[in-house]
Amino acid sequence: MELKLNLARHWGAPAAAVIFFSLWCVAEAGRMGPWPGLPYWSGTWPLIITTLAIAVAAWKPYISLALTVILLGGQLMSIIPPVESDHWAIYLGAFIAMGFIMWVGRPRIRFVALGANLVFTVLMTFMMLSWRYGQGVGWFGSAPTGDRWTFYTYGWRLFFMLVLIAAGCAAVGFALALYQERGGLFQARNLAQASLKEAEVDLVIEQERTRISRDLHDVLAHSLAVIAAQADGSRYLSQEQPKVVLEALENIAASARHALVDAQRVIEGVREDGLVSPQPRLSDVEPLIMRMRQGSLKVQHTETGTPGELGAGQQLAVFRIVQECLTNALKHGGRGTAVRLHFDWSGPGLTLHAASARPATVSAGDDDGPIARVGRGIPGMRERAHLAGGWLASGPDGEQFRVTVFIPYGACPAPHDVEPVLQEVGLSHESPETTVPLALEGAAPSASAANAGQEAGGRG
């Protein structure tokens, strides 16, 4: 039904014009003769003008009304033949055109069409009853007694008859317009309800994802971290155990860290766009730096050594740590802050040095950063480094704030990664920023790790 109405809305007026023209030619064949003093073909002018007025009513309503004005004005000036008693219905074409205008037109043109057709009705009544401009005789079977008597006696009858016809055409067009507008409102309401339901479903899914990720983080990730920390702690605190026991502890720690990396990836996937969402890799670090440079951050990026193989979870950890370092530098240092990033691949893993040119104090509970993810700020970066089998140290160094990260090749932790493990299981009461030496740019990662191992051995 809606499709048919839309089709009729756009093509109904031309179709009605063709039908009107065809029926009129059949009904009035041979009776559209010329008016005295006018060319022979002038008898077809009223039909042609009326047909055109109907045809363009839906597309060009003002032109349609103008054509009716031309018809009536031409008849008043005796340029176009007036109507006769046997084909006065030619005027009905103007009312048909008004019906299409009421259907398709805007509110303003609708009011214009109503007012214009009221004037047209008065002129049509005058032309149909006037002995001077038309042929008043024959309408009501009366003898010619003058225009005044004819208008007084029969004018109101003919006028109201034309008004009723015009009102009927206007009512049909307006009813069709209301029907379609109401249908459009119902359709918009249904679409809004469907969108609301979809949003509610998305909200429920997101809440469920958040709950699942929180449970995974609170239960699974924490438990695996404790297992890995205790296994590594036991292995490093007592080197006099049998080799079989040491190997078992090493396998337990390695398996736990593998599971931690996988669990972290699952948690991030659940919290964002689902388990199939693509995760950033090392190849995405350079585009990240370019974007931060466009944000008025002066980033100097250097690399030494030959890049080794890092797992997918480790690459994600490196990307997030770099992202957090740059974000903190921009947030706490402001526009124009100079940041140096150095990737050192020369050791048993990747050592990342990040230093901001101006002091930047980042609190442990700073969660207002633009990176709205799990583990924001320094604790989050340290957690990511631990889950990737490495460690992270951070703190002020004179006029700079430095962050040093070590990620070993492969998912297994480096054998000298002692201090972060001891801190994680609660065997160290010192802050990581002061316990783990802050590796400066150009220093080998083994130096920091060796110092950490010596301190851990001393406490053991």
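The values are calculated or read from the model by the stated rules, or taken from the named source; none is laboratory data. Quick caveat: nothing in here was measured; it's all calculated off a predicted structure. Because the Cβ atoms are built from the backbone with ideal geometry, glycine has one as well, and the counts that use them run over all protein chains shown.
Across the stretch 190-219, the qualifying residues are those that are buried (at least 16 other Cβ atoms within 10 Å of the Cβ) and of a type outside the set (Gly, Ala, Ser), and the one among them that is farthest from residue 248 (Cα to Cα) is 209.
Selection of the stretch 244-258 for residues being of a type in the set (Gly, Ala, Ser) and buried (at least 19 other Cβ atoms within 10 Å of the Cβ) yields 253, 256. Considering the stretch 70-107, the residues that are surrounded by fewer than 21 Cβ atoms within 10 Å (Cβ to Cβ) and within 22 Å of residue 171 (Cα to Cα) include one that is farthest from the chain's Cα centre (by Cα), namely 89.
It is to be established whether one or more residues within the stretch 204-226 are modelled with pLDDT of 85 or more and either in a helix (DSSP H, G or I) or farther than 30 Å from residue 260 by Cα (or both). The answer is yes, given that some residue of the stretch 204-226 is modelled with pLDDT of 85 or more and either in a helix (DSSP H, G or I) or farther than 30 Å from residue 260 by Cα (or both).
All conditions but one from (1) surrounded by fewer than 21 Cβ atoms within 10 Å (Cβ to Cβ); (2) modelled with pLDDT of 85 or more; (3) touching a Gly at 6+ places or on another chain (Cβ under 8 Å); (4) not acidic (Asp, Glu) apply to residue 34; the one that does not is (2).
Of the residues in the stretch 61-94, how many are among the charged types (D, E, K, R) and either at pLDDT 90 or above or not assigned by TED's automatic domain parsing to the domain that holds residue 163 (or both)? Residues that pass the stated criteria total 0.
Answer yes if at least one residue in the stretch 291-312 is at pLDDT 80 or above, out of contact with any strand residue (DSSP E or B) (no Cβ under 7 Å at 6 or more places or on another chain) and more than 16 Å from residue 409 (Cα to Cα), and no otherwise. Checking the stretch 291-312: at least one residue is at pLDDT 80 or above, out of contact with any strand residue (DSSP E or B) (no Cβ under 7 Å at 6 or more places or on another chain) and more than 16 Å from residue 409 (Cα to Cα). Listed conditions (1) modelled with pLDDT under 75; (2) over 18 Å from residue 224 (Cα atoms); (3) in contact with a helix residue (DSSP H, G or I) (Cβ under 6 Å, 6 or more places away or on another chain) are all met by residue 394, apart from (1).
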